[in-house]
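Written below as structure tokens is the structure these notes are about.
The values are calculated or read from the model by the stated rules, or taken from the named source; none is laboratory data. Just so you know, these numbers come straight off a predicted model, no measurement behind them. Every residue, glycine as well, gets a Cβ built from its backbone with ideal geometry; the counts of neighbours run over all protein chains shown. Heads up: the accessible areas ignore ligands, DNA and RNA and are worked out on the full protein's heavy atoms, side chains in. Shrake-Rupley method; radii C 1.70, N 1.55, O 1.52, S 1.80 Å.
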Amino acid sequence: MADEQTPGGSQAPPPEPVKPAAPPAKPAAAAGHAAPPKPPATMAAIPWDNDLTRELKTRFGDGIGETSSYLGQNFIVARPEAAISVLEFLKLEADFDYLVDITAVDWPIRTERFDLVYILYSFLRNERIRLKTFIADGYKPETAVDVHLTANWLEREVFDMFGIEFAGHPHMTRILLPEEWQGYPLRKDYGILQQDDRWVQENLGIESGQ
């Protein structure tokens, strides 16, 4: 068979090779399904060293376990048995005379289950510090009422929410929830929707508060 020619007599150019099809594009991520967040960074505290921390270590020895700062927030870690003496020293000799708050953090799988945290402020210094101590479940730390009168109500709130009782407290009862309430809502093993259904049924006359 003769080659196909153009009207001018020359041969037609050979056909261009067929290019392979491009792979299909990956589907876009569905709306509302963003990548999971990265885990939080480990707290990276730096040493806190000044005249006050050196005086604390000299005065209380191994009763002070750590003096550090995290993002500009200074804190002291003390042994439970030294905490009240440290609070008294900070109030009378270092001008941290305002007890802002007492709170706790629950670490259920840790032997010393709770961080007990005292937040202090000095009007003279315009400075805030935290005193932390670590205690086991069932340990009764000494009350701070003899150092700061406001500890009366703050310790009752810690008891109400975490079940931590303070030895020597003048009126260790609940302050937010009814006295008959079962459980401590800010413990990690107390579900976010959990409540004392028996109390709700007996006192409110409904099956559930949810």
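Residue-level analysis places Lys132 outside the set of residues that are more than 18 Å from the chain's Cα centre (by Cα) and of a type outside the set (Ser, Thr, Tyr). Arg156 meets the conditions (1) closer than 24 Å to Ser68 by Cβ; (2) of a type in the set (Lys, Arg); (3) surrounded by 16 or more Cβ atoms within 10 Å (Cβ to Cβ) in every case but one. The failed one is (1).
Within segment 116-142, the set of residues being assigned to a strand (DSSP E or B), open to solvent by 10 Å² or more (accessible area, probe 1.4 Å) and of a type outside the set (Phe, Trp, Tyr) comprises Val117, Ile119, Glu127, Arg128, Arg130, Lys132, Glu142. The set of residues in segment 159-194 being aromatic (Phe, Trp, Tyr) and either open to solvent by 30 Å² or more (accessible area, probe 1.4 Å) or free of Cβ contacts under 8 Å to residues at least 40 places away in the same chain (or both) consists of Phe159, Phe166, Trp181, Tyr184, Tyr190. Here Pro108 meets the list (1) farther than 20 Å from Pro141 by Cβ; (2) assigned to a loop (DSSP other than H, G, I, E, B); (3) not β-branched (Val, Ile, Thr) almost entirely, failing just condition (1). Of all residues being of a type in the set (A, V, I, L, M, F, W, C) and open to solvent by 40 Å² or more (accessible area, probe 1.4 Å) in segment 46-103, which is modelled with the lowest pLDDT? Just the residue, please. Per the criteria, the residue is Leu71. Looking at segment 104-115, is at least one residue in contact with a Phe, Trp or Tyr (Cβ under 6 Å, 6 or more places away or on another chain) and open to solvent by 30 Å² or more (accessible area, probe 1.4 Å)? Within segment 104-115, one or more residues are in contact with a Phe, Trp or Tyr (Cβ under 6 Å, 6 or more places away or on another chain) and open to solvent by 30 Å² or more (accessible area, probe 1.4 Å).
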